Amino acid sequence: MKFTIKVLLETYVVISLSFLITLTGCDNNTNAQVNPSSPRDVAIQKAEAQVKKRYEDILAQKEIPVYGYKILNEFDHNETSFTEGLIFDNGVMYESVGLWGQSRLMTIDIRTGEIERRHDLSPLYFAEGIAILGDEVFQLTYQSCIGFVYQKDTFELKRSFNFPSQGWGLTSDGNQLIMSNGSAALLFVDPATMETKRYVIVTDQIGSVSNLNELEYINGEVYANIYKSTLIARISPKTGAVTGWIDMSGINPDPAILNDLFVLNGIAHDKQTDHLFVTGKCWPKVYEIELVAPEKEEGLLNAAK
């Protein structure tokens, strides 16, 4: 059953930010074991089936444009880097790498894939999204409810901050931070106080869009990886409405191996060329791409037949 955005927004107006935070709260228990036959595992399988159906519905609908992509260049990427954040700033690639005991913040020479600067986090922390604002780099952690602020050119730790939810994606519009926590919410955060000033619920013509992961602010829109999918959402930061989808299917260099956790994640924007850089968790390549509009994409497909 399909819902209009208007109905969805009316429905979600009663949902408080505290409720969203409760759903995506902090949990430092990293040693929990999952029984493959447990009700939890059954619920996960059901959720994955729903995600697959959701993906099919998005590609079939006509209300919101679905963009394709064209690969312009391929660059080497460290296969030990579990990518959680990616930024291209003045010719320098910044990357936040996750996993306990392996989390780090790095700058990379995009041409060679070589690490130029590196800061390792304590094994207690699982690094997540990053954002650059002024001369500082902000970095989230996954379940520890703590983030870090570094001097941009040295990675010197300047301060830490707390937030009452899981940390997933992070970006900036130049004035404020924009954060995701695994729900359908985008949180708009004051960088001076780290207080959430407002939030929007991300919706398309079908319903709410959750699992918002790595974020990038591009030309007045928020681009978001949808966790465990090959979709990138283009989102209005004013309303939360999805204005476009980017179908990245086919870009995974080795889907037989790079599956489950090793999914597409990481969006960086080159302001000079308006191209995007995309990669995935522990992928061997970073891809420089340009978007292909739906009508142009259809023309290219017809010409290839």
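The values are calculated or read from the model by the stated rules, or taken from the named source; none is laboratory data. Only a predicted model underlies this, so the values are computations on that prediction, with no experimental measurement involved. For neighbour counting, all protein chains shown are included, and Cβ atoms are generated from backbone atoms with ideal geometry for every residue, glycine included.
One table, with the values for the structure above:
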{"read-out": "Single condition ILE115 does not satisfy, out of (1) surrounded by fewer than 19 Cβ atoms within 10 Å (Cβ to Cβ); (2) at pLDDT 95 or above; (3) within 18 Å of VAL92 (Cβ to Cβ)", "value": "(2)"}
{"read-out": "Inter-residue pairs, beta-carbon under 7 Å, first under 19 Å from ILE235 (Cβ atoms) and in the range 62-76, second part of a loop (DSSP other than H, G, I, E, B) and among the charged types (D, E, K, R), 6+ apart", "value": "ILE64/ASP204"}
{"read-out": "Candidates THR239, THR230 - the one that is surrounded by fewer than 18 Cβ atoms within 10 Å (Cβ to Cβ) and of a type in the set (Val, Ile, Thr)", "value": "THR239"}
{"read-out": "Any chance GLU84 is of a type in the set (Asp, Glu) and touching a residue at least 24 places away in the same chain (Cβ under 8 Å)", "value": "yes"}
{"read-out": "Test set (1) assigned to a strand (DSSP E or B); (2) crowded, with 20+ Cβ neighbours inside 10 Å - GLY167 fails condition number", "value": "(1)"}
{"read-out": "GLY207, sole failed condition from (1) buried (at least 18 other Cβ atoms within 10 Å of the Cβ); (2) small (Gly, Ala, Ser); (3) closer than 29 Å to ILE64 by Cα", "value": "(1)"}
{"read-out": "Odd one out for PHE262, checked against (1) in contact with a Lys or Arg (Cβ under 8 Å, 6 or more places away or on another chain); (2) assigned to a strand (DSSP E or B); (3) crowded, with 18+ Cβ neighbours inside 10 Å; (4) of a type outside the set (A, V, I, L, M)", "value": "(2)"}
{"read-out": "Every residue from the range 272-305 that is at pLDDT 95 or above, surrounded by fewer than 16 Cβ atoms within 10 Å (Cβ to Cβ) and of a type in the set (D, E, K, R)", "value": "ASP274, GLU290"}
{"read-out": "The lone exception for SER38 - which of (1) among the hydroxyl-bearing types (Ser, Thr, Tyr); (2) modelled with pLDDT of 80 or more; (3) over 19 Å from TRP283 (Cβ atoms); (4) surrounded by 14 or more Cβ atoms within 10 Å (Cβ to Cβ) it fails", "value": "(4)"}
{"read-out": "Those residues of the range 198-224 which are of a type in the set (S, T, N, Q) and closer than 16 Å to LEU187 by Cα, in sequence order", "value": "THR203, SER208, SER210, ASN211, ASN213"}
{"read-out": "Subset of the range 166-190 [of a type in the set (S, T, N, Q) and touching an Asp or Glu at 6+ places or on another chain (Cβ under 7 Å)]", "value": "THR171, GLN176"}
{"read-out": "Strands (runs of 3 or more DSSP E) lying entirely in the range 184-231 (those with 2 or more residues that are more than 12 Å from the chain's Cα centre (by Cα))", "value": "185-189, 196-201"}
